[in-house]
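What follows draws every value from the coordinates through simple rules; no lab data is involved. Because the structure is predicted, anything quoted here is derived from the model rather than measured. Virtual Cβ from ideal backbone geometry, glycine too; neighbours counted across all protein chains shown.
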């Protein structure tokens, strides 16, 4: 499976230093989610099982969260991503809304990535990128 970002903004690819790269469509993600706030039209999916199913290499230490358009990348320590990371998927639009990564209690809000398209597991951190106009 290719590690390229998906064309569908509601699809997520998990690749990099993994034995079993994965791709998750919106319907699959919605099926894994739970509602935490009935007022919000989204479901929350823990990040841990998605990364663990891809079987990260023993040398993996980080995961780079890349927006679907490639404009934003945040490198997150793997242990933090597994412990705190969660995906927010819009259910009001049948999952067609972009997937959003949040790391509640993370070291920086820059780890929260809107329009997530790719999670690349790496050995060591990768450079973070910042778009010209920050959205938070």
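Key figures for this structure:
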| item | result |
| --- | --- |
| Residue satisfying all of: in region 30-75; without any contact (Cβ under 8 Å) to a residue 24 or more places away in the chain and within 17 Å of residue 13 (Cα to Cα); surrounded by the most Cβ atoms within 10 Å (Cβ to Cβ) among these | 32 |
| Every residue from region 29-49 that is part of a loop (DSSP other than H, G, I, E, B) and within 15 Å of residue 99 (Cβ to Cβ) | 33, 40, 41 |
